[in-house]
Ligand code: TMP
């Protein structure tokens, strides 16, 4: 597979064309940003960890019946994925209050929800990724009702799957963000990544934060948290 021109550079990944129009190569960077790019930094080794972890979860999710964009891991930072049109929605599932939920609704961090919550943000950096509801999603034509229903179903299934998989590694899945894409034949599949950049992971015993919140909140030992998550999932 030939790596051709770069088609996109995001905050944490670059995307390249290949000689097959249906396939792209994602290249994970060590760059980290927070607060819509206001805070910038580097987390050494993050790209390789996020690549490996995302691919691991996507392979398992495929086996569990959730279609994903994953095709093949090429190098420690590069993965071959299906070329999809990303639906500009951040699909956020929460099991425990933290981050913007705690701030917006005045709910103490760590409050366990009776049922998972699901919310959407319109993925648009200029607008600061505003929260958006179903009828607003239909109004600006981001997805059809049947598509949103499927996205919801996948997101909740992914939550149950990740929650139990991570529980076995001694990790509490607090919340996470997903992105979905549409193939050229209109099929909705999971895209983007599942990593400590896009999830909140707490040590199940101590509550220690093992994700990007260490960077966002200047908690120190950021690299150590990513390495610990890798160790929990893959062993030494
Ligand atoms: P939030 O509490 O800041 O809304 O974040 C919810 C989850 O989504 C958390 O696991 C981090 C993840 N997330 C992203 O992956 N990208 C983003 O741009 C933001 C704001 C959150």
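Every read-out reported here was derived from the displayed coordinates using simple, explicitly stated rules and does not represent laboratory data. Worth saying up front: this structure is predicted, and the values here are computed from it rather than measured. Heads up, the Cβs are rebuilt from the backbone with ideal geometry, glycines too, and the neighbour counts pull from every protein chain shown.
Annotations for the structure displayed:
- Based on the convex hull around the alpha carbon atoms, the stretch 102-236 presents an average projected area of 10.2 nm².
- The sum of -39500 (n - 2.57) across all DSSP H runs of n ≥ 4, divided by the residue count of the chain, sets its helix-only mean residue ellipticity at 222 nm to -9500 deg cm²/dmol.
- Potential lengthening of the chain between residue 105 and residue 152 amounts to 14.7 nm, from the contour at 0.36 nm per residue minus the alpha-carbon distance.
- Residue-span extension gain [residue 206 to residue 117] - 0.36 nm each, minus C-alpha spacing: 29.7 nm
- Modelled FRET efficiency - R0 45 Å, residue 44 with residue 136, Cβ distances, 0.05 increments: 0.70
- Pairwise Cα inverse-distance average, inverted: Kirkwood Rh of the stretch 29-101 (Å): 14.6
- Tail weight of P(r) past 25 Å, computed on alpha-carbon pairs of the chain, percent: 40
- Cα centroids of the stretch 177-200 and the stretch 139-162: 11 Å apart.
- Order by protection proxy (mean Cβ within 10 Å, highest first), peptides 76-82, 115-121: 76-82, 115-121
- Per-peptide average of other Cβ atoms within 10 Å, ordering 177-185, 58-66 highest first: 177-185, 58-66
- Computed over the Cα atoms of the stretch 1-139, pair by distinct pair, the Kirkwood hydrodynamic radius stands at 17.3 angstrom.
- Shape annotation for the stretch 106-155: C-alpha extents along the principal axes are 35, 28, 16 Å, from largest to smallest.
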